[in-house]
Amino acid sequence: MKFLSALLLTALLAFATGLYGLLPWWSFAFTSFIVAMAIHQKAGKAFLAGFTGLFLLWSVLAFLIDNANEHILATKVANILPLGGSYWVLILLTGLIGGLVSGLAALTGSYLRQSPKS
Amino acid sequence: MRIVPFLISAIGTAGLIVVLNTQLPVGGSKTPRLGYFLSPQQGFWQNAEPVNASYNGNIKLAGLKGKVDVYMDERLVPHIYAENDVDAYYTQGYLHAKYRLWQMEFQTHVAAGRLSEIVGPDRIDTDKFFRRMGMVYAAEKTMKEASKNKDIKAAIEAYAEGVNDYIRKLAPEQIPFEYKLLDYKPETWTPEKTYLFLMFMSYDLTARGVTNDLKMTNARNYFGYEDFDQLYTNLQDSLDPIVPKGTVYAPAAIAVTAPASVDSLYYGKTNNGGTAAAPLGPDKNNGSNNWAVSGSKTASGRPILANDPHLGLNLPSLWYEVQITTPTHSTYGASFPGSPAVIIGFNDSIAWGVTNAGRDVIDYYDMKFKDSTLEQYWYNGVWNKADVKEEVIKVKGKPDVIDHVAYTAFGPVMYDVTYKNESTKGKYLALKWTAHEGGQGLQTFYDLNRAKNFDDYLNAIHKWSCPGQNFVFASKTGDIAIKQQGAFVARWNRQGDFIMPGEDNQYMWQGIIPNSENPMMKNPERGFVSSANQKSTDDRYPYYLGAASDFPVYRGVVINKKLAAMNNVTAADIQQMQTDNYNVFAEMARPALLKFINESSLSAEEKKYIGILKNWNLRNDIGEQGATVFRAIWDSLETAIWKDEFDRSPLPLPWPDEPILLDIMLRDSVYYFADNANTPDKTETLQDAVIIAIQKATKTCSELEKKGELAWGKFKDTRINHLLKIDPLSRLHLPIGGGVHIINATTKTHGPSWRMIVHMTDDIEAYGVYPGGQSGNPGSKYYDNFVDTWAAGKYYRILFLTKEAAEKSTQMKWHLKFTNS
């Protein structure tokens with residue numbers, strides 16, 4: 001239950017910070033960090049909740065945009081980067097990048113709350 | 001708190017963010033900031049437009065005087081209906097920005113020498129090149145002069161306001177894709193940028209001389225003037241000029257005389273040492289076709305006008321289609337993102353089009369400076385003070401680069417001790433260019449948009465100075481006309497083909513030819529007018545037009561031949577003609593080649609390819625192998641004839657043009673250049689050169705055939721590059737025929753950038769297509785949706801509607817309402 005609420009809250013707050021185009025793209029690192037402090041879990045779980053929250057948020061958003069766009073831009077970008085022109089790989093990479101930053105931020109938050117013994 | 005793991009993971013998080021927030025060097029370029037670029041709420045994903053997006057909307061623009069309605073048709077062409085002219089240009093600026101903002105800014109950055117600012121130190125030389133040409137200086141000067149006309153000033157300012165209103169409303173996540181890729185932001189648009197863009201067109205269409213004059217000077221020095229004049233002859237036997245041969249002209253209003261020292265100082269009886277080629281120069285193939293057929297030759301009895309400007313093909317396209325309707329005029333055509341009004345198009349009374357005049361309006365003068373501070377130069381017997389302008393070039397990620405450019409009585413010093421090629425040997429070369437003289441800028445097009453008849457057309461084009469154009473015209477009332485118009489230098493023979501002495505005013509331009517003497521033709525007996533960048537007149541014209549290499553011959557020949565033979569012409573006939581792939585050069589050159597071939601001495605493989613050449617239908621259609629074989633043999637022949645001699649020059653020389661070699665072949669003369677200079681014990685003849693060419697071409701062709709690329713379309717491999725030359729954003733391997741010397745002048749990266757046909761019936765029947773799409777966004781389905789239609793030689797029927805008709809039309813898909821409150 002803790003895991004799921006951490007995950008959802010992470011995604012929700014990241015989405016909210018993303019609505020303000022003037023904030024840097026990595027602002028969610030703070031919200032993920034705070035969520036991991038507020039909903040305390042062990043390091044591994046905290047990382048996973050932080051990672052999954054952003055992985056799902058970013059890859060689902062990318063997937064929806066890409067679908068409506070019929071893969072026009074994603075295919076081009078997946079050739080520039082280069083990912084062999086696969087929009088699927090690009091969507092997963094998007095999720096992975098967001099997930100890693102968020103997961104590490106959550107891990108940091110979890111360590112801040114954790115006492116050495118627990 | 002677990003302090004050690006906390007610190008490690010905190011540092012790890014921060015480190016990862018820093019890496020993902022930095023442009024990392026990969027190969028020669030840099031990645032975008034990956035975290036930002038991939039962020040679905042901020043990065044490139046935001047530029048992926050839903051394919052079923054609606055373009056309806058209500059937009060408030062505070063600066064509007066009245067209300068503007070824009071109907072977008074299914075091709076995303078806006079039809080602007082405004083209550084006054086200024087509002088129309090305001091809206092045009094807004095729409096250009098909405099669909100083409102990145103391109104508008106990028107192109108003007110190129111013209112202003114500001115590329116290093118966005119892409120880094122690689123482009124410093126390019127930036128210096130444009131600044132040293134005086135592009136900004138000229139744009140400012142033109143703006144000052146053109147702004148004296150209140151209407152032009154108001155139009156360009158309203159346009160800029162429209163662009164800026166769009167930029168101000170632009171959410172950070174909505175900035176165009178390329179800004180995100182290169183990681184920078186749009187800046188404010190200014191009226192000066194419109195003039196910078198027009199300067200870029202002047203450069204593209206008139207500045208071949210910046211490389212050519214240097215190479216021609218090298219050639220004159222290398223061969224000596226007498227041989228030079230034979231080799232690079234200005235005679236063009238096949239020429240069919242714009243104004244027919246035999247036309248009688250009044251004596252020159254400006255009596256030009258060559259200076260007394262011309263033999264020794266200029267034609268080069270004294271060798272003044274070499275120079276090298278400039279690093280850049282516009283494409284040699286920049287040209288165009290236009291023609292108008294009078295009612296006497298059409299099925300309807302009304303004129304038909306056609307135009308296809310040949311330019312470098314890019315995405316986003318140079319052109320943007322638009323209809324502008326106000327109480328003063330209703331006009332449709334291709335506009336330049338970056339400039340208000342329509343550039344090539346028609347209104348409800350007339351149609352117009354342009355091709356490049358190709359006249360030489362740019363020259364070098366060899367200057368003497370006191371020292372490398374560039375402060376004083378020797379002119380007319382005294383030391384004169386030069387105006388030294390400081391150019392500050394900002395460089396992305398590096399300190400600014402400061403460059404100094406001296407301005408003389410002739411113009412800016414392009415080459416000096418700090419900016420040179422390996423063999424300029426400390427020369428100071430000042431550039432004189434009509435584009436530096438100011439001018440009325442956009443006035444001609446502003447007036448053409450509103451022209452009602454021939455007199456309006458003539459008044460409008462007489463305000464045009466640079467780049468010189470052949471303006472073709474047709475009206476509903478039945479007039480057709482063509483006039484070569486611009487500020488053309490009154491030259492003596494070969495003046496300006498080479499670097500000129502600049503120590504006094506003897507070699508200075510002696511005047512600009514009055515408009516009344518510029519070549520013109522109205523309603524000729526033959527029932528058509530045309531131009532295809534050939535010389536505008538024969539040698540009876542009382543001024544020197546420029547070196548023959550500036551004027552391609554063959555497209556003009558085939559266009560005039562076809563038009564002369566046509567009757568009962570329809571718009572469909574003109575479509576077919578505009579996309580025609582017949583190769584009139586090959587028609588002349590093939591027999592000249594074949595007569596040198598002794599078939600019995602050929603190998604089986606050589607015979608096979610000669611067979612293909614013989615059976616070729618002389619069309620450069622995509623499937624024709626003969627077109628490739630012909631090109632391979634001809635290119636090999638040019639190499640066999642010229643390369644050995646020309647490689648001996650330490651400095652780059654221009655190879656003589658194709659008509660010159662063809663003429664040599666036709667005359668079958670014993671030719672000095674046919675002898676391979678690298679085989680001193682043997683004297684090769686033209687026949688030997690042809691045999692060598694066939695052997696080489698056979699090798700090339702058989703390799704092509706193995707790869708399945710012998711068909712012309714595969715061999716030519718036309719592509720439309722994104723402005724940043726990024727392949728995934730470009731369109732590659734397009735199935736389209738045509739080529740150099742062909743009406744469908746599509747080469748690998750160059751060709752008809754806008755095809756337009758206008759039939760002047762009561763309800764105008766017009767067709768158009770360009771290789772691109774209305775949206776500049778690579779994430780839009782409207783980015784390149786015209787490309788396949790264009791490649792197939794097809795057209796769109798243009799919708800040219802009154803506001804009432806547009807409101808009711810089912811072909812108008814979206815409605816944008818602009819108000820000021």
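Details
- Members of the range B:457-499 found to be closer than 15 Å to B:Gly345 by Cβ and touching a helix residue (DSSP H, G or I) at 6+ places or on another chain (Cβ under 9 Å), listed by number: B:Tyr457, B:Ala460, B:Ile461, B:Gln469, B:Phe471, B:Phe473, B:Ser475
- If you go through the range A:53-73 and keep only what is at the interface with chain B (Cβ under 7 Å from one of its Cβ atoms), in a helix (DSSP H, G or I) and over 21 Å from B:Ile17 (Cα atoms), you end up with A:Ile65, A:Asp66, A:Ala68, A:Ile72, A:Leu73.
- Residue count for the range B:116-141, restricted to those that are hydrophobic (A, V, I, L, M, F, W, C) and crowded, with 22+ Cβ neighbours inside 10 Å: 5.
- Positions within the range B:598-618 being in contact (Cβ under 8 Å) with a residue 40 or more places away in the chain, buried (at least 19 other Cβ atoms within 10 Å of the Cβ) and more than 18 Å from B:Lys706 (Cβ to Cβ), in sequence order: B:Ile610
- From the list B:Thr819, B:Thr789, the lone residue that is in contact with a strand residue (DSSP E or B) (Cβ under 8 Å, 6 or more places away or on another chain), of a type in the set (S, T, N, Q), free of Cβ contacts under 8 Å to residues at least 24 places away in the same chain and surrounded by fewer than 20 Cβ atoms within 10 Å (Cβ to Cβ) is B:Thr789.
- Answer residue from the range B:736-791, given it is assigned to a loop (DSSP other than H, G, I, E, B) and basic (Lys, Arg) and is farthest from B:Asn347 (Cα to Cα) among those: B:Lys748
- No other residue among B:Gly120, B:Gly43, B:Gly134, B:Gly113 is modelled with pLDDT under 95 and of a type outside the set (D, E, K, R) apart from B:Gly120.
- Among the residues of the range B:28-52, just one is more than 7 Å from chain A (Cβ to nearest Cβ), under 14 Å from A:Leu64 (Cα atoms) and surrounded by fewer than 17 Cβ atoms within 10 Å (Cβ to Cβ), namely B:Asn52.
- Looking across B:Gln484, B:Gln440, one residue alone is under 24 Å from the mean Cα position of the chain (by Cα), more than 28 Å from B:Ser261 (Cβ to Cβ) and modelled with pLDDT under 95. It is B:Gln440.
- The set of residues from the range B:513-557 being surrounded by 23 or more Cβ atoms within 10 Å (Cβ to Cβ), β-branched (Val, Ile, Thr) and outside any loop (DSSP other than H, G, I, E, B) comprises just one member, B:Val529.
- Test: B:Lys476 is in contact with a Ser or Thr (Cβ under 8 Å, 6 or more places away or on another chain), within 23 Å of B:Ile764 (Cα to Cα) and surrounded by fewer than 18 Cβ atoms within 10 Å (Cβ to Cβ): no
- For the range A:74-102, taking the residues that are in contact with an Asp or Glu (Cβ under 8 Å, 6 or more places away or on another chain) and facing chain B (nearest Cβ under 7 Å), the one that is surrounded by the fewest Cβ atoms within 10 Å (Cβ to Cβ) is identified as A:Asn79.
- Any chance B:Gly502 is buried (at least 24 other Cβ atoms within 10 Å of the Cβ), farther than 30 Å from B:Thr233 by Cα and not aromatic (Phe, Trp, Tyr): no
- The range A:14-73, subset polar (S, T, N, Q) and in contact with a helix residue (DSSP H, G or I) (Cβ under 9 Å, 6 or more places away or on another chain), residue farthest from A:Thr94 (Cα to Cα): A:Gln41
- The criterion of at least 2 residues that are small (Gly, Ala, Ser) and either more than 30 Å from B:Gly441 (Cα to Cα) or within 30 Å of the chain's Cα centre (by Cα) (or both) is met by the following helices (runs of 4 or more DSSP H) wholly inside the range B:165-265: B:209-223.
- Residue within the range B:589-611 that is under 29 Å from the mean Cα position of the chain (by Cα), at pLDDT 95 or above and in a helix (DSSP H, G or I) present: yes
- Taking the criterion of being among the small types (Gly, Ala, Ser) and within 19 Å of B:Glu638 (Cβ to Cβ), the only residue of the range B:696-715 that qualifies is B:Ala697.
- Within the range A:35-45, the set of residues being more than 9 Å from chain B (Cβ to nearest Cβ) and over 14 Å from the mean Cα position of the chain (by Cα) comprises A:Met37, A:Ala38, A:Ile39, A:His40, A:Gln41, A:Lys42, A:Gly44, A:Lys45.
- Filter pass, B:Asn58 being under 30 Å from A:Ala16 (Cβ atoms), crowded, with 22+ Cβ neighbours inside 10 Å and polar (S, T, N, Q): no
- Subset of the range B:625-635 (residues that are buried (at least 20 other Cβ atoms within 10 Å of the Cβ) and within 28 Å of the chain's Cα centre (by Cα)): B:Ala627, B:Thr628, B:Phe630, B:Arg631, B:Ala632, B:Trp634
- Criterion violated by A:Ser5 - all others in (1) exposed (fewer than 15 other Cβ atoms within 10 Å of the Cβ); (2) within 14 Å of chain B (Cβ to nearest Cβ); (3) of a type in the set (Ser, Thr, Tyr); (4) touching a residue at least 24 places away in the same chain (Cβ under 8 Å) satisfied: (2)
- In the set B:Thr326, B:Thr331, B:Thr298, only one residue is closer than 24 Å to B:Tyr770 by Cα and either among the polar types (S, T, N, Q) or at pLDDT below 95 (or both); that residue is B:Thr331.
- All of (1) closer than 30 Å to B:Gly134 by Cβ; (2) at pLDDT 95 or above hold for B:Asp371 with one exception: (2).
- Pair list, Cβ under 6 Å, 6 or more apart: the range A:79-93 residue part of a loop (DSSP other than H, G, I, E, B), other residue crowded, with 17+ Cβ neighbours inside 10 Å and polar (S, T, N, Q): A:Gly85/A:Thr75; A:Gly85/A:Asn79
- Residue under evaluation B:Pro652, criteria (1) surrounded by 14 or more Cβ atoms within 10 Å (Cβ to Cβ); (2) modelled with pLDDT of 85 or more; (3) part of a loop (DSSP other than H, G, I, E, B), criterion not met: (2)
The values are calculated or read from the model by the stated rules, or taken from the named source; none is laboratory data. In this text the structure is predicted, and so the values were computed from the model without any measurement. Every residue, glycine as well, gets a Cβ built from its backbone with ideal geometry; the counts of neighbours run over all protein chains shown.
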